[in-house]
Amino acid sequence: MKTKVVRMGYQSSGDIVRLKGLIEKRLKPLGISVEWAQFAAGPQLMEAMNVGRVDIGSVGETPPIFAQAAGTSLVYVASNKPSTGKSSGILVQKDSPIRTLADLKGRKVVFQKGSASHYLLIKALEEGGLKYSDIQAISLPPSEARDAFIQGKIDAWVTWDPFLAVAQKKANARLLRDASGISTQGRYYMAARKFATENPKLVRLVLEEIDNTGQWGEKNRSEVVKLTIPHLKIDEDILTTMIERRTYGLRPITPEIGLWRDVDWYWTKTRYLDCSYFINFSYRTLAVSCSLSSGNYVAFFGSENGCYF
């Protein structure tokens, strides 16, 4: 192992891996410490990884695709279990005249560009017979979007928990459409390529403890609420709603995984991103099994140099 510090990135929705502290306990005997940094959303975490501030972090399916298109040197090291889609959605004001997705035409819709919400919005617009150009698209980080939505300055907000749950409970926001059947791929653990290739055994240890924490979370949701409530500082009933519709634990990634490729190719075929990049990337992707406590997981390496795990 070539490092004495692992820099972990997490989002404002919280991270029970950080709160449980199992990674720290596992790595301390090896003389390796852990540093945590919080980010507003996945795109900001990916940018931090790009400039060398984060070694490993968890994001939705879209941020790493945009990051790769921008030239970020990263790898997929694991995936969370797929979600139900209930923890993300499109919100409108409780008394809004917007009743269908088609009613979004001409409206101000806020979302975080390059995030899973971006993907949800585009696909939902298609479902409603609309194009991206049919709405007034505004990209804002979740915290800024929350304030604008509560003040009634925007017509619709595409977001995720805890922002979704808080707006539903506190602002009586109405859910126009959740992400069920659209954005249900789950999250991915990404690593900076240089860090992963130089510290493969360390990455494996980190993933094992992430999975151990996830397995605990799946079986002890009431304990997850108790663990996170002092840190997220939101009402217990809201937090309980959020925890109940979230998934924990890792799952295998295979070269044939359909949902990941669906998102990848969607962004290229619609010309949002450079198609030639992804065609080349797909041919250069190598799948590598990584044995963990509860199964085999796969790291994706867009490299021609071989397998690292």
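May I ask you to order 174-182, 203-211 by the average number of other C-beta atoms within 10 Å around their residues, highest value first?
Answer by packing, highest mean first, reads 203-211, 174-182.
What distance in nm separates the simple spin-label points at ARG221 and GLU198, each placed 7 Å from Cα in the Cβ direction?
Inter-label distance under the simple model: 4.2 nm.
Using only Cα positions of the range 83-136, each an equal point scatterer, no hydration layer, compute I(q)/I(0) via Debye at q = 0.19, 0.26 Å⁻¹ and quote the log10 values to two decimals.
Treating every Cα as an identical point scatterer, log10 I(q)/I(0) equals -0.66, -1.19.
Arranged from highest to lowest average of other beta-carbon atoms within 10 Å per residue, in what order do the peptides 107-115, 56-64 appear?
Highest mean packing first, the order is 56-64, 107-115.
Compute the convex hull volume of the Cα atoms of the range 2-109, divide it by the residue count, and report the result per residue in Å³ as a whole number.
Enclosed volume per residue, from the Cα hull, is 153 Å³.
Any chance you could run the full-extension gain for LYS28 through TYR132? It's 0.36 nm times the residue separation minus the Cα-Cα distance, nm to one decimal.
Result for the pair: 32.5 nm of gain on full extension.
Over 24 Å between C-alpha atoms is what I'm after, so list which of LYS113/LYS226; LYS20/LYS81; LYS28/LYS226; LYS4/LYS194 land there.
Going by Cα-Cα distance, LYS113/LYS226; LYS28/LYS226 fall outside the 24 Å limit.
Quick check on packing: order 127-139, 155-167 by the mean number of other C-beta atoms within 10 Å, highest mean leading.
155-167, 127-139
When only C-alpha pairs under 8 Å and at least 6 residues apart count, what is the relative contact order of the range 1-103, in percent?
Relative contact order for the range 1-103 comes out at 27 percent.
When the Cα centres of the range 82-147 and the range 1-80 are compared, how far apart do they sit, in Å?
What the calculation gives is 27 Å, centre to centre.
Here, each number is a calculation from the coordinates, and none is a lab measurement. The structure presented is a predicted model; accordingly, all values stated were derived computationally and were not measured. Neighbour counts run over all protein chains shown; Cβ positions are idealised from the backbone, glycine included.
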